[in-house]
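Input: a single structure, listed below in structure tokens.
The values are calculated or read from the model by the stated rules, or taken from the named source; none is laboratory data. Worth saying up front: this structure is predicted, and the values here are computed from it rather than measured. For neighbour counting, all protein chains shown are included, and Cβ atoms are generated from backbone atoms with ideal geometry for every residue, glycine included. Keep in mind that these areas ignore ligands, DNA and RNA; they rest on the heavy atoms of the full protein, side chains included. Shrake-Rupley method; radii C 1.70, N 1.55, O 1.52, S 1.80 Å.
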Amino acid sequence: MCSSDLGASFAEDGSFHILLEGTDGWGPYQGRRAIVAWLAEVMGQQHDQRRHCVTNLVFRELAADSAVVDSYLCLTAVENGVLRVVCTGTYHDEMRKRDGRWAIQRKLLRLDNPF
């Protein structure tokens, strides 16, 4: 999946913020364009095959045009046939439905360790 595909899941005016205890973290990136640019930069630096395993989705709120969803992340990577866990964390997503389409309005990722 390329960064523009991931970017399409965000609202045009959405935001993405990553927090890591003891650091400044990354972001918040405001707007789809800034999110896609940051994702492209990060993905361009990676030479392994990464998989974001998202589990235990819990809908905290659900309305006709909004939702709040929490989930867990386990990020794995394979390089030269060796599998490793890169990092783990939690997602907090605020979703909005506009013009019949769901999109992420605000994504907060809290990492347990650096990636």
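Look at residue 52 and say whether it is modelled with pLDDT under 95 and in a strand (DSSP E or B). Write out each step before concluding.
On the way: modelled with pLDDT under 95: yes; in a strand (DSSP E or B): yes.
Yes.
Select from the stretch 68-93 the residues that are polar (S, T, N, Q) and within 24 Å of residue 112 (Cβ to Cβ) and write down the one among them that is least open to solvent (accessible area, probe 1.4 Å).
Filtering the stretch 68-93 for residues polar (S, T, N, Q) gives 71, 76, 80, 88, 90.
Retained after the next criterion (residues that are within 24 Å of residue 112 (Cβ to Cβ)): 71, 76, 88, 90.
Numbers: 71: 9, 76: 27, 88: 46, 90: 51 Å².
Per the stated criteria, the residue is 71.
Filter the stretch 68-101 for residues that are among the basic types (Lys, Arg) and touching a strand residue (DSSP E or B) at 6+ places or on another chain (Cβ under 6 Å); which is farthest from residue 12 (Cα to Cα)? Quick ask: steps written out before the conclusion?
Our first condition is that a residue be among the basic types (Lys, Arg); within the stretch 68-101, this holds for 84, 96-98, 101.
Keeping just the survivors that are touching a strand residue (DSSP E or B) at 6+ places or on another chain (Cβ under 6 Å) gives 84, 96.
Values: 84: 34, 96: 11 Å.
Among those that are among the basic types (Lys, Arg) and touching a strand residue (DSSP E or B) at 6+ places or on another chain (Cβ under 6 Å), it is 84.
Residue under question is residue 96, and the condition is that it be farther than 17 Å from residue 110 by Cα, in contact (Cβ under 8 Å) with a residue 60 or more places away in the chain and open to solvent by 70 Å² or more (accessible area, probe 1.4 Å); does it hold?
Working: farther than 17 Å from residue 110 by Cα: yes; in contact (Cβ under 8 Å) with a residue 60 or more places away in the chain: yes; open to solvent by 70 Å² or more (accessible area, probe 1.4 Å): yes.
For residue 96, the condition - farther than 17 Å from residue 110 by Cα, in contact (Cβ under 8 Å) with a residue 60 or more places away in the chain and open to solvent by 70 Å² or more (accessible area, probe 1.4 Å) - is met.
Mind checking which residues of the stretch 68-115 are assigned to a strand (DSSP E or B), under 20 Å from residue 46 (Cα atoms) and charged (D, E, K, R)? If you could, list the steps in order and put the result at the bottom.
Within the stretch 68-115, the first condition is being assigned to a strand (DSSP E or B), and the residues that meet it are 68-79, 82-98, 101-111.
Those still in the list that are under 20 Å from residue 46 (Cα atoms) too: 73-79, 82-89, 109, 111.
Across the stretch 68-115, the qualifying residues are 79, 84.
Can you name the number of the only condition in (1) within 18 Å of residue 115 (Cα to Cα); (2) touching a strand residue (DSSP E or B) at 6+ places or on another chain (Cβ under 9 Å); (3) polar (S, T, N, Q) that residue 45 fails?
Against the list (1) within 18 Å of residue 115 (Cα to Cα); (2) touching a strand residue (DSSP E or B) at 6+ places or on another chain (Cβ under 9 Å); (3) polar (S, T, N, Q), residue 45 comes up short only on (2).
Can you name every residue in the stretch 1-16 that is modelled with pLDDT of 95 or more and of a type in the set (A, V, I, L, M)?
Answer for the stretch 1-16, where residues must be modelled with pLDDT of 95 or more and of a type in the set (A, V, I, L, M): just 11.
Checking the structure you have, find out if any residue of the stretch 57-67 is under 17 Å from residue 15 (Cβ atoms) and either open to solvent by 90 Å² or more (accessible area, probe 1.4 Å) or part of a strand (DSSP E or B) (or both). Spell out the reasoning first.
Initial filter on the stretch 57-67 (under 17 Å from residue 15 (Cβ atoms)): 66-67.
Keeping just the survivors that are either open to solvent by 90 Å² or more (accessible area, probe 1.4 Å) or part of a strand (DSSP E or B) (or both) gives 66-67.
Checked against the condition, which is being under 17 Å from residue 15 (Cβ atoms) and either open to solvent by 90 Å² or more (accessible area, probe 1.4 Å) or part of a strand (DSSP E or B) (or both), the stretch 57-67 yields at least one hit.
Do we have any residue at all in the stretch 53-64 that's within 21 Å of residue 20 (Cα to Cα) and either in contact (Cβ under 8 Å) with a residue 60 or more places away in the chain or within 12 Å of the chain's Cα centre (by Cα) (or both)?
Looking through the stretch 53-64, at least one residue is within 21 Å of residue 20 (Cα to Cα) and either in contact (Cβ under 8 Å) with a residue 60 or more places away in the chain or within 12 Å of the chain's Cα centre (by Cα) (or both).
Would you mention how many residues in the stretch 17-48 are open to solvent by 60 Å² or more (accessible area, probe 1.4 Å), polar (S, T, N, Q) and at pLDDT below 95?
2
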